[in-house]
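Structure first, then comments.
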Amino acid sequence: MEKMSTRMMVEAGIMIALAQILSYVKIFEAPYGGSVTAGSMVPIIIFSLRWGFKNGLLTGLAYGALQFILGPKYSYHIVSLLFDYFIAFSVLGFAGLFNNTRAGSIVGSGFGVFLRFVCHVISGVVVFGAYAPETMNPVWYSIVYNAGYLLPEMAISLFIVGILYAPLKKASPVS
């Protein structure tokens, strides 16, 4: 990883703060955690697209820690702590792996959100599988539950990233 410049660290802090603020603008909130927000993942994704996936992973990790500290807690199980907060938001940084085109930005954003979905499904199976109806497999229960808020959240995020692509490309410090 390249040495973090002052500009990069300041931008990371601003994006983490913006993501946190957007996470409070909830369109829908699921009963056992998770919500559809006003694009709260977008600032972390944008940072990753601008500065690369390694810096995006670190910024996502910091955002996940902030989400854990300031957000509601539904479980203190180690799997939940890791896969609902720290890893789940870190993987948004993988958006920065994709090429710097509109399509690459959208695919990268979708990939990052998909990886977050996988994290929540793992947590759901291990920690919240007991809440599944008796006739439903805990894996399917977790997939359906997490898709209920992450699919709309993904659509919102991809829409915003698609709109912001031209200004992002113009201002991007990374080619």
Relative to the chain, whose Cα atoms define the longest principal axis, helix 6-23 and its Cα axis are tilted in degrees, nearest 10, by 40
Please give the helix 53-70 orientation as an angle from the longest Cα principal axis of the chain, in degrees from 0 to 90, rounded to the nearest 10.
-> 50
What angle, in degrees between 0 and 90 and rounded to the nearest 10, separates the Cα long axis of helix 102-127 from the longest principal axis of the Cα atoms of the chain?
-> 30
Counted charge near Ile122, where neighbours are those whose Cβ lies closer than 12 Å (Asp, Glu -1; Lys, Arg +1) = 0
Please work out how much length the chain gains when fully extended from Tyr76 to Leu151, using 0.36 nm per residue of separation minus the C-alpha to C-alpha distance, in nm with one decimal.
-> 24.5 nm
q = 0.10, 0.16, 0.20 Å⁻¹, the chain: log10 I(q)/I(0) [Debye, one scatterer per Cα] = -0.36, -0.88, -1.32
Take Arg102, Arg7, Arg50 and sort them by solvent-accessible surface of the protein heavy atoms, 1.4 Å probe, largest at the top.
-> Arg7, Arg102, Arg50
Arrange the residues Glu11, Glu153 by how much accessible surface each exposes, largest first, with a 1.4 angstrom probe.
-> Glu11, Glu153
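The values are calculated or read from the model by the stated rules, or taken from the named source; none is laboratory data. Quick caveat: nothing in here was measured; it's all calculated off a predicted structure. Note: ideal-geometry Cβ built from the backbone for every residue, glycine included; neighbour counts use all protein chains shown. For the accessible areas, the whole protein counts, side chains as well, though only heavy atoms, and no ligand, DNA or RNA atoms are used. Shrake-Rupley method; radii C 1.70, N 1.55, O 1.52, S 1.80 Å.
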